[in-house]
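Each remark here refers to the structure printed beneath this line.
Readers should treat all values here as calculations from the given coordinates under stated rules, not as data from a laboratory. These figures come from a predicted structure and were not determined experimentally. Cβ placement follows ideal geometry from the backbone for every residue including glycine, while neighbour counts extend to all protein chains displayed.
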Amino acid sequence: MSRGALETPPEENQPPQLGKPSNVAAGAPAIISTMKHGISKSGITGAISSLNRVNKFGGFDCPGCAWPDPDGHRTIAEFCENGAKAVADEATKKTITPEFFGQHSVQELSTKSDQWLNSQGRLSSPMILKSGSNNYTPISWNEAFDMIADELCSLKEPDDAIFYTSGRTSNEAAFLWQLLARGFGTNNLPDCSNMCHESSGFALSDSIGIGKGTVKLEDFNKADLILVVGQNPGTNHPRMLTALRDARKNGASIISINPLIETGMKKFKHPQNPLEMLGSGKSIADQHVRVQINGDLALFRGINNLLLKNEMYDSNFIDDFTSNFDAYKESISEVEWSVIEEISGVTKSEIQTLANIIAKSKSMITCWAMGITQHHNSVETIQEIVNTHLIGGHIGREGAGVCPVRGHSNVQGDRTVGINHIITPEFAARINQTTGIDVPLGHGFDAVNAASAMIEKRGKIFFAMGGNFLSAMSDTKSIAKAMNNCKLTVFISTKLNRNHLITGEQSLILPCLGRTEVDNQSSGKQFVSVENSMGIVHSSQGHMRPTSTDLLSEPAIVCGIANALESRRSFSTLNWTELCNNYDQIRSLIESTIDGFEDYNKRIKNKSGFYLPNPPRDDLEFRTNSGKANFIFHPISYLQPDNDEFIMMTIRSHDQYNTTIYSDQDRYRGIKSGRRIVMMNPLDSKERLLRTGDKVDLISNFNGEFRKSEKWYIVEYDIPKGNIATYFPEANELIPLQSTARGSNTPTSKSVIVKVEKHQD
């Protein structure tokens with residue numbers, strides 16, 4: 001039901017202010033920015049108290065990224081600038097009360113910026129937006145649970161309900177969430193992985209038999225070569241810079257492969273090192289390979305061609321542990337170097353130099369993020385990267401392996417404990433055995449298919465366990481239509497976001513505890529567990545008094561819905577109340593259902609947690625169809641824009657984490673006071689008679705479907721010719737919903753063909 005709310009942030013009436021991009025990441029500016037943000041949100045005492053416990057033994061896991069903590073020890077400050085801002089953001093003293101919603105309609109709130117919405121504070125009470133109303137009003141928890149259960153029971157088909165999950169959800173809550181969905185009768189379990197690293201999981205599963213990376217943090221100290229591909233660690237995973245700095249000290253060569261030269265890959269001043277703070281900073285990357293947007297597949301194909309042509313490969317590893325090598329070698333024996341150079345934007349000479357460096361490496365790690373995973377050919381590209389590792393035997397040895405760097409703090413853990421729209425018969429049988437749930441075996445909806453179903457009015461109820469689905473997904477206006485078509489939308493959240501304003505006929509906001517807060521249940525104080533990017537499961541326990549006495553934990557909310565539903569339609573043998581009262585019971589249930597969690601409640605009390613099994617890393621075991629690591633060949637595919645078109649990628653600003661905007665500053669890139677910007681090569685702007693500050697419109701074209709977004713500002717920037725960059729989520733409306741990666745169905749947020757036209761006022 002549309003209430004006239006704006007689905008996108010408001011337009012900006014003036015161009016941004018520009019300064020010089022920074023050459024050094026972190027340092028004093030990061031400390032100052034962190035403290036200002038923390039003190040403004042929770043005061044001096046609150047800021048210090050929270051930061052003293054984040055990522056510490058017995059403390060809480062940072063609600064930011066999933067970069068791992070060191071095994072066995074912790075530093076004084078085990079956090080980064082953006083992690084500290086995420087903590088302060090959650091620990092804010094400011095609250096949104098029922099009176100706030102009485103004073104502001106959803107239409108009025110939608111005219112505010114995403115930064116303003118987030119800055120209003122923590123949600124404090126369950127609220128309902130009734131049919132025909134423009135304002136949220138209070139509702140009791142039991143009324144909300146009963147309403148949800150009644151609406152679920154009114155559906156004609158279980159698949160009319162969609163259960164979305166954010167990557168910040170704990171293992172315990174996520175496991176219960178997927179039991180609730182499957183108990184109701186659906187595998188519609190889209191999650192944020194579908195939008196980011198689904199391509200990684202899909203590609204790696206076929207290549208090496210596991211949809212995760214194969215390195216530990218300690219491997220960075222043993223590597224002699226680290227490739228950082230399609231990633232901006234300085235903004236999105238800042239603690240990774242410490243690992244890169246230390247690797248460099250230990251003799252590793254670090255090469256950045258990315259369209260943009262990001263500050264974090266230039267120099268780094270560690271905030272805990274006085275000498276570095278006083279100096280010019282430590283260099284991170286030895287060299288930067290400026291690949292064009294979507295040129296990575298061509299680049300690695302060229303590398304692999306040269307490695308094989310010059311017989312620079314590990315024949316013993318290939319013979320013992322791989323399959324399909326001969327066929328792959330034959331397939332890439334001849335490449336058109338003019339095509340490789342054109343698509344990648346890298347010369348054959350530069351590729352030869354890179355191949356020589358890789359050939360000499362004894363232990364190579366390749367890291368990547370969404371700059372690789374969000375293209376039409378993302379799966380093919382990742383498998384080509386894996387081929388590079390198989391050629392040199394760089395898997396299953398110390399200091400070597402593949403490293404997809406996850407974003408959300410527990411997005412990998414959610415998948416491990418069952419958040420997946422695809423279910424195997426084996427897992428379904430285990431769930432039935434331990435819970436009595438008759439699990440459906442058909443595939444559910446991923447994020448894209450969930451949105452399509454709602455647009456077609458096949459999805460009637462949309463649940464969001466955290467996150468901001470509207471702003472995170474591609475094709476914002478289509479997602480808004482999807483939301484409006486729902487009978488009921490339910491948001492389990494800590495902070496206000498735009499999706500709370502773009503809703504179904506009725507909508508519920510169910511406020512939950514955050515990571516920083518004490519979680520008391522009837523059996524006493526509880527903790528939860530999470531899994532980081534390197535497969536370590538560890539505990540997280542908040543220490544702060546809850547923002548409101550009317551908050552429930554995520555597990556308690558799930559159990560409340562389940563109890564209400566079970567009273568109307570029994571679907572399991574579980575005692576949901578006992579599970580909620582003592583999270584040990586949830587972990588025992590996970591242990592009996594999922595391999596790798598043996599002695600869960602015992603091992604999770606180890607101060608560093610425990611590693612989950614990783615067969616390629618641990619035993620050089622590859623659980624693929626061949627029983628070995630597979631060389632997989634794909635023809636080179638690439639985008640072919642017309643002469644008057646660009647390839648656009650969306651990126652984040654520095655003062656941003658996922659869809660949460662902390663400020664309108666992008667300190668590292670020298671851009672402030674504006675987010676509707678188009679980074680363009682100066683030669684491109686000159687050819688089109690444009691210059692910095694000019695106002696333009698962007699028009700995307702996908703299979704003859706045009707999408708127009710007006711009033712953006714040109715910023716001349718060091719970016720490959722023919723490429724442009726814009727901020728996420730503002731530019732998401734230009735990404736067609738059906739433009740997805742082959743195999744993984746991930747939105748192509750890094751491969752959008754657009755025209756840039758001067759705006760006519």
Within-10-Å neighbourhood charge of I753 [Cβ basis; K, R +1; D, E -1]: -1
Cα-based equivalent ellipsoid of the range 198-405: semi-axis lengths in Å, sorted from largest, via gyration tensor: 28, 19, 16
Spherically averaged projected area of the range 578-717 from its Cα convex hull (nm²): 16.7
Pairwise FRET efficiency - Q103 versus E598, Cβ, R0 = 60 Å, nearest 0.05: 0.70
Footprinting exposure proxy for T186, T381 (fewest neighbouring C-beta atoms within 10 Å first): T186, T381
Theoretical FRET efficiency, 1/(1+(r/R0)^6), r = Cβ-Cβ of S588 and E426, R0 25 Å, to 0.05: 0.80
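Just to be sure I understand: if I project the alpha-carbon convex hull of the range 645-758 onto a plane and average over all orientations, what area do I get in nm²?
Values: hull surface 28.7 nm².
Its Cα hull, projected and averaged over all orientations, spans 7.2 nm².
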For A369, net neighbour charge (Lys/Arg +1, Asp/Glu -1) across residues whose Cβ lies under 11 Å away: +3
Other-chain or far-sequence residues with amide H under 5 Å of G401's (modelled H): M364, I365, T366
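Sorting V379, V229 on the 10 Å Cβ count, fewest up front, what's the list?
Values: V379 26, V229 22.
Arranged by neighbour count, lowest to highest, V379, V229 become V229, V379.
How high is the relative contact order of the range 586-634, in percent, with contacts defined as C-alpha pairs under 8 Å that are six or more residues apart? It would help to have the intermediate numbers written out before the result.
Numbers: 25 pairs, mean separation 8.8, N = 49.
Relative contact order, the range 586-634: 18 percent.
In the structure shown, do any of K329/K362; K362/K750; K56/K94 have a Cα-Cα gap over 29 Å, and if so which?
Working: K329/K362 21 Å; K362/K750 32 Å; K56/K94 26 Å.
Pairs exceeding the cut-off: K362/K750.
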Separation of the R458 and H288 label points, Cα + 7 Å toward Cβ, nm: 4.6
Stretchable slack from N643 to D320, in nm (0.36 nm times residue separation minus alpha-carbon distance): 111.5 nm
Sequence-distant residues sharing a close amide H with Y713 (under 5 Å, placed H): I677, V678, V696
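Kindly state, to the nearest 0.05, the FRET efficiency for S673 paired with H759, given R0 = 25 Å and r defined as their beta-carbon distance.
On the way: r = 19 Å, r/R0 = 0.76.
Calculated transfer efficiency: 0.85.
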10 Å binning of all Cα-Cα separations within the chain, expressed as whole percents from 0 upward: 3, 15, 25, 28, 20, 8, 1, 0
For the range 286-293, Karplus couplings with θ = phi - 60° (6.51, -1.76, 1.60), whole Hz, Gly/Pro x: 5, 8, 10, 9, 8, 6, 6, 3
Ranked C367, C486, criterion: other C-beta atoms within 10 Å, fewest first: C486, C367
Cα centroid of the range 116-153 to Cα centroid of the range 528-557, whole Å: 22
Kirkwood Rh, angstrom, the range 435-545 [1 / mean 1/r, Cα pairs]: 16.3
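Given an 8 Å cut-off on Cα distances and at least 6 residues of separation, report the relative contact order of the chain as a percent. Intermediate results must be reported in sequence, preceding the final value.
Working: 1759 pairs, mean separation 165.0, N = 761.
Worked out over the chain, it gives 22 percent.
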In order through the range 212-220: 3J(HN,Hα) via Karplus (6.51 cos²θ - 1.76 cosθ + 1.60), integer Hz, x for Gly, Pro: 10, x, 10, 10, 10, 4, 5, 5, 5
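Over 22 Å between C-alpha atoms is what I'm after, so list which of K130/K460; K457/K708; K212/K477; K495/K605; K672/K711 land there.
Details: K130/K460 16 Å; K457/K708 25 Å; K212/K477 33 Å; K495/K605 30 Å; K672/K711 17 Å.
Going by Cα-Cα distance, K457/K708; K212/K477; K495/K605 fall outside the 22 Å limit.
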Integer Hz, Karplus 6.51/-1.76/1.60 couplings in order for the range 410-423, x for Gly and Pro: 9, 4, 6, x, 4, 5, 4, 8, x, 6, 7, 6, 10, 10
Charge sum, other residues only, whose C-beta stays under 12 Å from R515's C-beta, Lys/Arg counted +1 and Asp/Glu -1: -4
Mean ellipticity per residue at 222 nm, deg cm²/dmol - from DSSP H runs of n ≥ 4 across the chain, formula -39500 (n - 2.57): -9500 deg cm²/dmol
Inter-label distance, nm, simple model (7 Å from Cα along the C-beta direction), R545/D71: 4.1
Cysteines without a disulfide-compatible partner [the chain; Cβ-Cβ under 4.7 Å]: C62, C65, C80, C153, C192, C196, C486, C512
Amide H contacts of L552 (H built 1.01 Å from N, under 5 Å, at least 5 apart or other chain): L513
